[in-house]
Amino acid sequence: MTSASLTRRDWMGLLARAPLARLDTHWPDEPPAFMWLRAPEIGTMMVQGRAGAVGAAFNLGEVTVTRAALRLSCGTVGHAMVQGRGLRKAERAALLDALLQTSAGPELQARVLGPLQAAERAAQEARARRAAATKVDFFTLARGEG
């Protein structure tokens, strides 16, 4: 999936997973004026799991999250929910969410989301290579009885 074809759901996930340092690297030069609808606030959220990914849902535990919502002067609303206690990360993600919905969206997708997506893909491939290096292939030899 290219950064030009990302849906809002995709880019919100990408922004939530991106490290703050990487968001800062690709931050727009001068962000527009905005008004807080919900200033960044820290809370907890229940995480559910499923046995084998198909069984009945059960409460796995709580995770700390930070959420924010804002409105640009043009009326576009941006939301963010990020794992952890990252007030600035939630602010940046909400502002980018709003900006990506405006006419600046295509340029920001190429300038911000493209590099974030490439870095995430590289990290996944590195994790896969490290996991593959530990793979053990088991095989059975015929014992020669009978």
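The values are calculated or read from the model by the stated rules, or taken from the named source; none is laboratory data. These figures come from a predicted structure and were not determined experimentally. Using ideal geometry, Cβ is built from the backbone for each residue, glycine included, and neighbour counts are taken over all protein chains shown.
When you scan region 77-96, how many residues do you find that are part of a loop (DSSP other than H, G, I, E, B) and crowded, with 18+ Cβ neighbours inside 10 Å?
Within region 77-96, residues that are part of a loop (DSSP other than H, G, I, E, B) and crowded, with 18+ Cβ neighbours inside 10 Å number 1.
Looking at this structure, is T64 among the hydroxyl-bearing types (S, T, Y) and at pLDDT 90 or above?
Against the criterion (among the hydroxyl-bearing types (S, T, Y) and at pLDDT 90 or above), T64 qualifies.
Considering only region 108-116, I want to know if a residue exists there that is of a type in the set (A, V, I, L, M, F, W, C) and touching a Pro at 6+ places or on another chain (Cβ under 8 Å).
Yes, region 108-116 has at least one match.
Going by what's in this entry, would S73 be described as free of Cβ contacts under 8 Å to residues at least 24 places away in the same chain, out of contact with any Pro (no Cβ under 6 Å at 6 or more places or on another chain) and not charged (D, E, K, R)?
Spelling it out, it is not the case that S73 is free of Cβ contacts under 8 Å to residues at least 24 places away in the same chain, out of contact with any Pro (no Cβ under 6 Å at 6 or more places or on another chain) and not charged (D, E, K, R).
Any residue at all in region 18-31 that's assigned to a strand (DSSP E or B), surrounded by fewer than 12 Cβ atoms within 10 Å (Cβ to Cβ) and out of contact with any Cys (no Cβ under 7 Å at 6 or more places or on another chain)?
If we filter region 18-31 for residues that are assigned to a strand (DSSP E or B), which is where we start, we get none.
Taking every residue of region 18-31 in turn, none turns out to be assigned to a strand (DSSP E or B), surrounded by fewer than 12 Cβ atoms within 10 Å (Cβ to Cβ) and out of contact with any Cys (no Cβ under 7 Å at 6 or more places or on another chain).
Among the candidates Q117, Q124, which residue alone is under 15 Å from the mean Cα position of the chain (by Cα), free of Cβ contacts under 8 Å to residues at least 60 places away in the same chain and in a helix (DSSP H, G or I)?
Answer to the check: Q124.
Quick check on my filter: what residues within region 32-60 are among the hydrophobic types (A, V, I, L, M, F, W, C) and assigned to a strand (DSSP E or B)?
F34, M35, W36, L37, A39, I42, M45, M46, V47, A57, F58, L60
Across region 97-114, what is the total count of residues that are of a type in the set (G, A, S), outside any helix (DSSP H, G or I) and modelled with pLDDT of 90 or more?
1
Right, T134: among the polar types (S, T, N, Q), surrounded by 13 or more Cβ atoms within 10 Å (Cβ to Cβ) and over 13 Å from the mean Cα position of the chain (by Cα) or not?
No; evaluated as a whole, the condition is false for this residue.
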